[in-house]
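This report concerns only the one structure given below.
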Amino acid sequence: MEPLISALALQDLLSDDDSLILLDARHDLGNHQLGREQYLEGHIPGAIFLDHEIDLCGPKTGNNGRHPLPEREAFIQLLGSLGIGAKANIVVYDARDSMFAAHVWWMLRWAGCTRVRVLNGGWSAWGQISGDIEREKPAARAPVVWEPGNASMSKVDASAVLANIGRPVFTVIDARTESRFRGENETIDPVAGHIPGALNWPFSRNLDSDGFFLPANALKSGFAQLLGNNKPENIVHQCGSGISACHNLLAMEVAGLPGSALYPGSWSEWCSDSSRPVAVG
């Protein structure tokens, strides 16, 4: 299954497939209530809202990052309570650039869901085709018992990233802006800089000016220049808190380069321990 779906294709699918599950992942890192407010103002009919600070985030300890990944079993239990099974046909969307939708896409694949797509262009694309909108929350789906399945996405922890600096076995790609990567204009995390040895690929490079993913061949060409001889399975993605890194993971899937991993804690976890090395420039 292709990881992206167009607004027109989704519109056709909604008219033909009653079993389709839509997930609204709109969010704002500066205003945590905005996504829910936007959802209540209007959403794609039948969409279920998932909150990045509540539903998609584990307990924060102060040293595990701004958006710690929840335990896999806890996330699976949440999905089951919402009536979402491992074999469900799922489409995720956010406001426009798919950063938050990509994060949910990764989490669903990590949980074991096998049929997950992201709406290319998000809510903005849905508006461009004048898609139907509703304001009422959908009726609750009957809970389902999760069928055991294997995670199709892998992750690494801070200790693996630290060990990799001395004896590299994978390459880290940082999805943050160039200035934050260089250690300039850091306004989110308390320490500026990047993980030593990391490469920089801001997730915005995956998109055109309208917030749609670039064609697969353009993405493949860009990543080929970045990765050189590195194979996808030897790539680990990170960002500020594990969200926009998933955009690069998704873009590589679109480009036909699957197999890379995520460092969920990312920079916000990494810099919480002053003993971990920091690079700038």
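The values are calculated or read from the model by the stated rules, or taken from the named source; none is laboratory data. Everything numeric in this text was worked out from a predicted model, so none of it was measured. In this analysis, Cβ positions are derived from the backbone assuming ideal geometry, glycine residues included, and neighbour counts consider all displayed protein chains.
Structure notes:
- Checking Q225 against (1) outside any loop (DSSP other than H, G, I, E, B); (2) surrounded by 17 or more Cβ atoms within 10 Å (Cβ to Cβ), the condition it does not meet: (2)
- Here the condition is being outside any loop (DSSP other than H, G, I, E, B), closer than 17 Å to S130 by Cα and of a type in the set (A, V, I, L, M, F, W, C); of L78, L23, L13, it holds for L13 alone.
- The residue list A151, A111, A139, A86 contains one member that is out of contact with any strand residue (DSSP E or B) (no Cβ under 7 Å at 6 or more places or on another chain), free of Cβ contacts under 8 Å to residues at least 12 places away in the same chain and of a type in the set (A, V, I, L, M), which is A139.
- I165 falls short of the stated requirement of being touching a helix residue (DSSP H, G or I) at 6+ places or on another chain (Cβ under 6 Å), at pLDDT 95 or above and among the β-branched types (V, I, T).
- Against the conditions (1) more than 28 Å from G127 (Cα to Cα); (2) buried (at least 18 other Cβ atoms within 10 Å of the Cβ), N206 satisfies every one except (1).
- Residue in the range 35-51 that is buried (at least 20 other Cβ atoms within 10 Å of the Cβ) and either out of contact with any strand residue (DSSP E or B) (no Cβ under 8 Å at 6 or more places or on another chain) or of a type in the set (D, E, K, R) (or both) present: no
- Meets criteria (at positive phi, surrounded by fewer than 22 Cβ atoms within 10 Å (Cβ to Cβ) and at pLDDT 95 or above) for G80: no
- Residue within the range 88-97 that is modelled with pLDDT of 95 or more, more than 28 Å from P232 (Cα to Cα) and in contact with a Phe, Trp or Tyr (Cβ under 7 Å, 6 or more places away or on another chain) present: yes
- Within the range 270-281, residues that are closer than 18 Å to L199 by Cα have Cβ atoms under 6 Å from residues that are among the basic types (K, R) and not in a loop (DSSP other than H, G, I, E, B) in these pairs: G281/R182, counting only partners at least 6 apart in sequence or on another chain.
- Residues that are touching a residue at least 40 places away in the same chain (Cβ under 8 Å) and either under 17 Å from the mean Cα position of the chain (by Cα) or at positive phi (or both), drawn from the range 191-224: G193, G197, W201, F203, S204, N206, L207, G211, F212, F213
- Helices (runs of 4 or more DSSP H) (entirely within the range 122-191) containing at least 3 residues that are farther than 20 Å from M99 by Cα: 158-166
- Exclusive hit being part of a loop (DSSP other than H, G, I, E, B) and not β-branched (V, I, T), set R117, R96: R96
- The set of residues in the range 192-213 that are part of a loop (DSSP other than H, G, I, E, B) and within 25 Å of F170 (Cβ to Cβ) comprises A192, G193, I195, P196, G197, A198, W201, P202.
- Looking only at the range 36-69, and only at residues there that are touching a residue at least 24 places away in the same chain (Cβ under 8 Å), not hydrophobic (A, V, I, L, M, F, W, C) and not in a loop (DSSP other than H, G, I, E, B), the one that is farthest from S266 (Cα to Cα): E41
- Count of residues meeting criterion [buried (at least 19 other Cβ atoms within 10 Å of the Cβ) and either free of Cβ contacts under 8 Å to residues at least 12 places away in the same chain or in contact with a strand residue (DSSP E or B) (Cβ under 7 Å, 6 or more places away or on another chain) (or both)] in the range 154-169: 2
- Of all residues in the range 23-56, those that are in contact with a Pro (Cβ under 8 Å, 6 or more places away or on another chain) and closer than 16 Å to A102 by Cβ total 1.
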